[in-house]
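First comes the structure, then the notes that go with it.
The values are calculated or read from the model by the stated rules, or taken from the named source; none is laboratory data. Quantities reported herein were computed from a predicted structural model and do not represent experimental measurements. Heads up, the Cβs are rebuilt from the backbone with ideal geometry, glycines too, and the neighbour counts pull from every protein chain shown. The protein model used for the area step is the full one, side chains on, heavy atoms only, and it has no ligands, DNA or RNA in it. Shrake-Rupley method; radii C 1.70, N 1.55, O 1.52, S 1.80 Å.
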Amino acid sequence: MNQIENGTVFGAPTELEITHAAEINRRMPGLEKVRYTVTGTEACMFAVRLARAYNGRRKIAKFEGAYHGTGEFASISVHPHIPDASRNRRVPAADTAGLPPESLENTVILPFNNLEAVESIVRRNSKELACIIIEPVMRGVPPKSDFLKFLRELADQFEIVLIFDEVITGFRISAGGAQEHYKVRPDITTMGKIIGGGFPVGAVGGLDEIMSLMAHQSVKFPAPQGPKVPHAGTFNAHPITLAAGLAALRELDQGSYEKLNSLGAKLREGLAEVSYSKGATTQITGIGSLFNIEFTERETSDNRSATADLTLRRCLDLYLLNRGIYLPPTHFGCVSTVSTEGHVDETINIISEGLELLKPLARQS
Ligand code: PMP
């Protein structure tokens, strides 16, 4: 409220962004510099542009099924239609409209959690790859042990910039996000959501030598060391957002992570138990406060195994809606700071009833 009285938009830097960035840096020490955007989409766009500016290469490697907002590179192979014939191939797929062919040519698609395939694809493209961008927990599916460490080593070996998109995981699975939890430091990190306390926000941060390539560039006063990645925007580092974000980050430090993570674990365990008792073929995925229920026999390890039977999941989502529970349709969800043990128990019970009703449908599929 105080910030509303102090001013809602200046179109210029404020002290708040220094304070906020210091709070981020305290939790993620690898972020030596931070710049704010209005959305996670922009943060991811800037991250790949910084990587390209840093090593002068043109290609971007992203994981099949990963979501990094709606920028051009990010719109490729998010929901690829995968005909059986290409099951083992990872071809960049334009599953959205309006992409020029160059976007596809400049994008390399990697399979999540598949060390061997990732290594061979990266090696093949290594000279042209500017960066590898990854959701460290992809759409709610955690990385296999040492997958992120392996990526770090691979990126170092070929001097590729490693970007963690922590828009979901940052300040959620732990104060320091996935990079703290899995003890792997990326070169660049993108953030969003939580750092704005519910207001529109995104941020990109990382190594000083990469972040210093970004500047508010003026045609009248070009940068003395040559062109920079231009960064300007009327609503960047919006004071209301940053004031709310600071409050949220500080509040989360007051024991929220322990509570969120134990509620998340209780929910996942409960869902696994009721699935088993109802004879439902599901995989319950997630980590920390994140959870998902996938109708598949196979262990969920990547995008393909995670999208096995969407019909059953859609039916469950509809049933839950009618019972007053809104799960993001066919998507992972999370418990939040206002969730209680009672909410979790109720959710497990209602999902159990939903699974009972789905039994005849499950038998047909
Ligand atoms: N990256 C990830 C991992 C996301 O989940 C999202 C949004 N859900 C984005 C980027 C894009 O963020 P925004 O919606 O703020 O543009």
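A search for C-beta distances below 7 Å between a residue of segment 115-141 that is away from the ligand (no atom under 16 Å from the Cβ) and any residue that is open to solvent by 20 Å² or more (accessible area, probe 1.4 Å) and not in a loop (DSSP other than H, G, I, E, B), counting only pairs 6+ apart in sequence or on different chains, returns Leu115/Phe150; Asn125/Lys59; Glu128/Lys59; Leu129/Lys59; Ala130/Arg52; Ala130/Asn55; Ala130/Lys59.
Annotation: of all residues in segment 229-249 being in a helix (DSSP H, G or I) and among the small types (Gly, Ala, Ser), the one that is nearest to Thr39 (Cα to Cα) is Gly245.
Of everything listed in (1) open to solvent by less than 20 Å² (accessible area, probe 1.4 Å); (2) within 16 Å of the ligand (Cβ to nearest atom), the single unmet condition for Thr41 is (1).
Put simply, of Arg304, Arg298 the only residue that is more than 17 Å from Arg268 (Cβ to Cβ) and open to solvent by 80 Å² or more (accessible area, probe 1.4 Å) is Arg298. From the list Glu102, Glu153, Glu116, the lone residue that is farther than 26 Å from Ala53 by Cβ and in a helix (DSSP H, G or I) is Glu116.
Pairs meeting the criteria (first residue in segment 208-228 and at pLDDT 75 or above, second residue of a type in the set (Ser, Thr, Tyr) and open to solvent by 40 Å² or more (accessible area, probe 1.4 Å), beta carbons under 7 Å, at least 6 apart or on different chains) are Ile210/Tyr54; Leu213/Tyr54.
Only one of the listed residues (Gly270, Gly198, Gly205, Gly226) is among the small types (Gly, Ala, Ser), assigned by TED's automatic domain parsing to the domain that holds Thr347 and either out of contact with any strand residue (DSSP E or B) (no Cβ under 8 Å at 6 or more places or on another chain) or outside any loop (DSSP other than H, G, I, E, B) (or both). That residue is Gly270. In segment 126-166, the qualifying residues are those that are of a type in the set (Val, Ile, Thr) and closer than 19 Å to Asn261 by Cβ, and the one that is modelled with the highest pLDDT is Val137. Set side by side, the residues Phe164, Phe158 differ, and just one is aromatic (Phe, Trp, Tyr) and either open to solvent by 20 Å² or more (accessible area, probe 1.4 Å) or farther than 15 Å from Ala61 by Cα (or both), which is Phe158.
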